[in-house]
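As structure tokens, the structure follows; a few thoughts come after it.
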Amino acid sequence: MSFPDEIEPDLPFLTSLRHNLHAHPELGFEEERTSGIVATLLEEAGLTVHRGLGKTGVVGTLQVGNGTRRIGLRADMDALAMPEKANRPYKSTIPGKMHACGHDGPPPFRFGAARRLAAKRGLSGRVHFISQPAEEGRGGAKRMVEEGLFDLFPCDAVYGLHNMPGLAIDEMAVVEGPQLASSDSWRITFRGTGTHGAKPHLGKDPITARATLLSSVQPLVGRFVDPLPAAVVSACSRQAGDPKALNVIPDTVEIGGTARAYTPEVRNQLEEEIGRLAHGTAAMFNMAVDYQFERRIPPVVNDADATARALKAATEVFGKNVLTRFPPSTAGDDFSFFGQNAPGCYVWLGNGPAVDGALHHNTAYDFNDEAIASGVAFWTTLVEQELAV
Ligand SMILES: [Zn+2]
Ligand SMILES: [Zn+2]
């Protein structure tokens, strides 16, 4: 791994910045403090800063020379609504909120890169440092796009980076094609007829309909949907009846869950097949049903050209420690909305071993400070290559 020596003096500040953000986590669209710090630092680095795009989103633009290539670097900055249980000096000071996905890492290393790039000579073009709010399921990327992100700041390519426990801090995975799954929600309401628990034949029992549906939904992938492009369907919620009324069959049952896929075709098929099972089950039990499939986040699919560019930069920084084969995640990331507006590439930066088994969204997870230099080096190198004169 080759890191330019000039990163070294910045590391104490970048590390303390990371700890500061970790201790003050903010949820999606509430990142007032975090985005304020991000905007101020980018301004101090000499960038032109646009605040308040997507409520708390920030775009810092560095224009050098009169080159025409424009690239976007995406970072997230939101935390999760969960308690931090590990003890560390910079533990969350806000009960019930923590940086359990490592989104306290990108602001420091992107600031490090911005500061270095602003001082560089021999570059020409434009780079947009996009700090998006609300990546964790609250729709930050979509809102930024809807509020005109790519009209205000057109990009010829857009890049995203996420920490990945299990990869070493000097390792990066840069892979063409699917990286993260679509993340959609489904909801089914069976509308039966409530009755006495002792006389179910006099009503229409939605509880039993739900059980039948569940046993049909789980084998859906592999029986109706080809398992090879990969897909996941999980039931995650149900509302029915009252534990204080165990002799009452309720009128309705609500059940909901998530559906994941990597291609538009499989995504369409999941919507259709879950609906078919819902309606089929309702018909079997002679009751009405409501079915909703909410398309939330498309899959992240890395563009070939953008991936080749990211791979070139990663190889310069990490040498042989660049993986070009790495299994896609069944999680989602709304970076996909950016990738719909410009050729995109989403890379995984190693976070070192999973300490005590803590992975993303675990109450003990932590971004690895040792990865800050890697992040600075990667973003700097990518921009240097993209905007080389
Ligand atoms: Zn997350
Ligand atoms: Zn994340």
Verdict on Ala81 being among the small types (Gly, Ala, Ser), within 16 Å of ligand 1 (Cβ to nearest atom), within 25 Å of Phe378 (Cβ to Cβ) and at pLDDT 95 or above: no
Quick one: is Ala134 in contact with a Lys or Arg (Cβ under 9 Å, 6 or more places away or on another chain) and within 16 Å of ligand 1 (Cβ to nearest atom)? yes
Name the single residue, out of those in region 315-336 being in a helix (DSSP H, G or I) and of a type in the set (Val, Ile, Thr), that is least open to solvent (accessible area, probe 1.4 Å). Val317
If you go through Thr381, Thr324, Thr315, the only one that is without any contact (Cβ under 8 Å) to a residue 12 or more places away in the chain and over 26 Å from Gly140 (Cα atoms) is Thr315
State all residues of region 355-389 that are β-branched (Val, Ile, Thr), within 26 Å of Ala118 (Cα to Cα) and in a helix (DSSP H, G or I); if no residue qualifies, say none. Ile372, Val376, Thr380, Thr381, Val383
Test for Asp170: is it at pLDDT below 95, more than 15 Å from ligand 1 (Cβ to nearest atom) and either small (Gly, Ala, Ser) or open to solvent by 40 Å² or more (accessible area, probe 1.4 Å) (or both): yes
Among the residues of region 141-167, which ones are open to solvent by 30 Å² or more (accessible area, probe 1.4 Å), more than 16 Å from the chain's Cα centre (by Cα) and closer than 30 Å to Ser234 by Cα? Glu146, Gly166
Out of Leu349, Leu359, sole residue that is surrounded by fewer than 16 Cβ atoms within 10 Å (Cβ to Cβ), within 16 Å of ligand 1 (Cβ to nearest atom) and not acidic (Asp, Glu): Leu359
Which ones in region 81-121 are surrounded by fewer than 20 Cβ atoms within 10 Å (Cβ to Cβ) and part of a helix (DSSP H, G or I)? Ala118
I need every pair where a residue in region 167-181 that is within 25 Å of Asp369 (Cβ to Cβ) has its Cβ under 6 Å from the Cβ of a residue that is open to solvent by 10 Å² or more (accessible area, probe 1.4 Å) and of a type in the set (Asp, Glu), sequence separation at least 6 or different chains. Ile169/Glu370
Which ones in region 52-80 are farther than 19 Å from Arg138 by Cβ, part of a strand (DSSP E or B) and touching an Asp or Glu at 6+ places or on another chain (Cβ under 8 Å)? Gly60, Arg70, Ile71
Residue check for Val225: without any contact (Cβ under 8 Å) to a residue 60 or more places away in the chain, crowded, with 19+ Cβ neighbours inside 10 Å and β-branched (Val, Ile, Thr): yes
Return the total of residues in region 1-51 being in a helix (DSSP H, G or I), charged (D, E, K, R) and surrounded by 16 or more Cβ atoms within 10 Å (Cβ to Cβ). 2
Kindly provide the set of residues from region 122-138 that are crowded, with 19+ Cβ neighbours inside 10 Å and in a loop (DSSP other than H, G, I, E, B), ordered by number. Pro133, Ala134, Glu135, Glu136
Could you figure out which of (1) under 17 Å from Arg110 (Cα atoms); (2) touching a Leu at 6+ places or on another chain (Cβ under 9 Å) isn't true of Gly67? (1)
Please count how many residues of region 190-207 are surrounded by fewer than 20 Cβ atoms within 10 Å (Cβ to Cβ) and either touching a strand residue (DSSP E or B) at 6+ places or on another chain (Cβ under 9 Å) or free of Cβ contacts under 8 Å to residues at least 12 places away in the same chain (or both). 12
Here the residues within region 238-287 that are open to solvent by 50 Å² or more (accessible area, probe 1.4 Å) and over 36 Å from the mean Cα position of the chain (by Cα) are Pro243, Lys244, Leu246, Asn247, Val248, Asp251, Ala283, Met284, Phe285, Asn286
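The values are calculated or read from the model by the stated rules, or taken from the named source; none is laboratory data. It should be emphasised that the depicted structure is a prediction, and the values quoted were computed from it without experimental measurement. Using ideal geometry, Cβ is built from the backbone for each residue, glycine included, and neighbour counts are taken over all protein chains shown. In case anyone asks, the SASA skips ligands and DNA or RNA and just uses the protein heavy atoms, side chains included. Shrake-Rupley method; radii C 1.70, N 1.55, O 1.52, S 1.80 Å.
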